[in-house]
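Supplied in structure tokens, the structure appears directly below.
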Amino acid sequence: MSPTVVNTVGAMRQFVAERRRAGATVGLAPTMGALHEGHLSLVDRARSECDTVVVSVFVNPTQFGPGEDYARYPRDLANDARLLGERGADVVFAPDVDAMYPPGDETRIDVGSVANVWEGEQRPGHFAGVATVVAKLLAAVPADRAYFGRKDYQQTVVVRRLVRDLLLPVEIVVCPIVRDTDGLALSSRNAYLSVEERQQGIAVPRSLESVERLIAEGEADVATLRAAGLAAFADTPSVEPEYLAFLTDGEVRPVETISGPTVVAVAARVGSIRLIDNLRVTPPAR
Ligand code: AMP
């Protein structure tokens, strides 16, 4: 069945209020559309845990920097709504920019230190845009649970911090990364890659896999692991690594030795496209 498409904040709030008054739990999966199986995995999870599932489709201008791909970001609401209908979503919230950013809007949310490193350093202002739109989406769709992908690891840290610091009454659920058969994490931006770039993009998950292998063999020194991970890019000249970070799981704080659950996060540039990926690793039991 086709989901209902709602465009205004008022209508969205009214729908959620009615569902909640009827005793239903509400799940929200925020997306920027151009949906693929990664997004749809969030919808499936929400469907299995909530009575009512709302998916927002909104290309958020404030999380794009100058010179980034806001204008050409892929948009296909009709196809997104069709896919969401197949997966049993109840409502698509697809506001226009003025509905989310009323004329004269100036408020931005600064979540502090977790927003300024790694992705935040490469994309200044990005996480202020993310935090601001997530707060607005939760104001429009006051859900019991909100679903995010681990693919955007630092975003999950930022969103958890936002929810904790602003005392927002929502449970954040983080879902596993969905990958293509060759290991590349699904992303709406993969559509920009040429055939050759797409093939070379495999260096991104390969670098994480090589690090994971060494950790399983007992290597714990991050300098050694980083060198090995970066070596995976030696044969793919069109893929240039930006960072390979080793972070305490759940945080963005770097570690020098692998002594507990660690997130290995990578960003690489393929022409003007950035690919990000990550893997959670644990040292072998002694
Ligand atoms: P986006 O439309 O890129 O803003 O993504 C919307 C949500 O889908 C975010 O929470 C992403 O982390 C999640 N997502 C995107 N790609 C994937 C993927 N390959 N696997 C799991 N979740 C994903």
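Values quoted throughout were computed directly from the atomic coordinates according to the rules given, and no laboratory measurement underlies them. Keep in mind it's a predicted model, so treat the numbers as computed, not measured. Here Cβ is always computed from backbone atoms with ideal geometry, including for glycine, and neighbour counts include all displayed protein chains.
What size of dipole, in debye to the nearest 20, comes out for the chain about its Cα centre when the only charges are +1 on Lys and Arg C-beta atoms and -1 on Asp and Glu C-beta atoms?
Roughly 620 debye for the chain.
Once phi is turned into θ = phi - 60°, what whole-Hz ³J(HN,Hα) does the Karplus curve with 6.51, -1.76 and 1.60 give for every residue of the stretch 275-286, x standing for Gly and Pro?
For the stretch 275-286, the Karplus-derived couplings read 10, 10, 7, 7, 9, 8, 10, 10, x, x, 5, 8 Hz, x marking Gly and Pro.
Ranking Met1, Met32 by Cβ neighbours within 10 Å, fewest first, what do you get? Walk me through the intermediate numbers first.
Numbers: Met1 8, Met32 19.
The fewest-first ordering by Cβ neighbours comes to Met1, Met32.
I would also like to ask the following. Around Ala29, under 12 Å between beta carbons, what's the net of Lys plus Arg minus Asp minus Glu among the other residues?
Result for the neighbourhood of Ala29: 0.
With unit charges on the beta carbon (Lys/Arg positive, Asp/Glu negative), name the residue among Ala81, Gly250, Val9 whose Cα is farthest towards the positive pole of the charge dipole of the chain.
Going by the Cα projections, it comes out as Val9.
Moving to a separate point now. Can you give me the long-range amide H partners of Trp118? Hydrogens built in the peptide plane at 1.01 Å from N, cutoff under 5 Å, separation of 5 or more residues or another chain.
Those qualifying (amide H under 5 Å, at least 5 residues apart or on another chain) number zero.
Using 0.36 nm per residue of separation minus the Cα-Cα distance, give me the extension gain between Ala285 and Ser259 in nm, one decimal.
Value of the extension gain: 8.3 nm.
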